[in-house]
Amino acid sequence: MGIILSVLNPSTLLYMAIGVGSGICIGALPGLSATMGVALLLPLTFGMDAANGILMLLGIYVGAIYGGSISAILLRTPGTPASAATAIDGYAFTERGESGRALGISTISSFIGGVVSCIALCLISPQLAKLALKFSSPEFFMLAVFGLSIIASISGKSLAKGLISGAIGMLLATVGVDSITGYTRFTFDKVYLLGGI
């Protein structure tokens, strides 16, 4: 309950509103993504309280994701990669002269999706954290096998090419420091390979 009260603080809401507004402006500009907007405006949060700064950055990110749909609907150029599908359907509304309706639909759906996903994150994240801590080598192996089976299912007619490309991807993923044991693999004593490829 204390977290909700701290978020509903007027100064926190002001910083969040500033973040959402600047995020919408950044997202509406084609070529600037939400993560780039957060990176560009990160220095503004250095002098702020931690909660205000994090909520402002969160507002920038969420606003930029929504703002990308504005240019996607009006110009058929997605402002962010997340609004690439909006450029197809949203611009059809603009061609028919219903751009206001498309922007309204985008605004309402972004708001509802944001609220529902925030509530779901608050309710589900503790259980997901407990589940993630139980992951060990067998589960990671099964996850890799699942990824290979997905590659095999979408590779179409050339199953061999899909499996070979998946195997090459898995081989490249083994370079660097093992996240479980901490051993270095295939780094050949090169420091720049410690982080992986």
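Only the coordinates and a few stated rules stand behind these numbers; no lab work does. Everything numeric in this text was worked out from a predicted model, so none of it was measured. Every residue, glycine as well, gets a Cβ built from its backbone with ideal geometry; the counts of neighbours run over all protein chains shown.
Using just the Cα positions, wrap segment 98-188 in a convex hull and report its mean projected area in square nanometres, one decimal place. Don't jump to the answer; show the numbers that get you there.
Working: hull surface 43.2 nm².
The orientation-averaged projected area of the Cα hull of segment 98-188 comes to 10.8 nm².
Remind me, relative contact order of the chain in percent, using alpha carbon pairs under 8 angstrom and six or more residues apart? Kindly include the intermediate steps, with their values, before the conclusion.
Values: 236 pairs, mean separation 25.5, N = 197.
Computed value for the chain: 13 percent relative contact order.
With +1 on each Lys and Arg Cβ and -1 on each Asp and Glu Cβ, how big is the dipole of the chain about its Cα centre, in debye rounded to the nearest 20?
360
What list of ³J(HN,Hα) couplings, whole Hz, do you get for segment 49-56 from phi and the Karplus terms 6.51, -1.76, 1.60, once you set θ to phi - 60° and write x for glycine and proline?
Karplus values, whole Hz, x for Gly and Pro: 5, 4, 5, 5, x, 5, 5, 5.
Treat every Asp and Glu Cβ in segment 127-197 as -1 and every Lys and Arg Cβ as +1, leave all other atoms uncharged, and give the resulting dipole magnitude about the Cα centre to the nearest 20 debye.
Around 180 debye, computed over segment 127-197.
Lys190: which aspartates and glutamates have alpha carbons under 16 Å from its alpha carbon, excluding same-chain residues fewer than 8 sequence positions away?
Asp178
For Arg185, what residues show an amide H to amide H distance below 5 Å, using hydrogens built from the backbone and excluding near sequence neighbours?
Correct list: Gly176, Val177, Asp178.
Please provide three numbers in whole Å: the alpha-carbon extents of segment 38-79 along the principal axes, with the largest listed first.
Ordered largest first, segment 38-79 gives principal extents of 39, 15, 9 Å.
Ordered by packing density, taken as the mean number of other Cβ atoms within 10 Å over each peptide's residues, highest first, how do 164-176, 76-88, 33-45, 51-63 rank?
Put in order of decreasing packing, that is 51-63, 76-88, 33-45, 164-176.
For the chain, count the residues as N, evaluate 2.2 N^0.38 Å, and divide the Cα radius of gyration by that value, please.
1.33
Calculate how steeply helix 137-154 sits against the longest principal axis of the alpha-carbon atoms of the chain, using the helix alpha-carbon long axis, and give the answer as 0 to 90 degrees to the nearest 10.
The two axes meet at around 70 degrees.
Bin width 10 Å, alpha-carbon pairs only: give the P(r) of segment 52-142 as whole percents, running from 0 to the bin holding the largest distance.
16, 32, 24, 20, 8, 1
Can you tell which of Gly166, Ile180, Leu40 lies farthest toward the positive end of the dipole of the chain, using +1 and -1 charges on the Cβ of basic and acidic side chains (Lys, Arg; Asp, Glu)?
It is Gly166, whose Cα lies furthest towards the positive end.
May I ask for the angle, rounded to the nearest 10°, between helix 10-28 and the longest principal axis of the chain, with both axes built from Cα atoms and the value confined to 0 to 90°?
Helix 10-28 sits at roughly 70 degrees to that axis.
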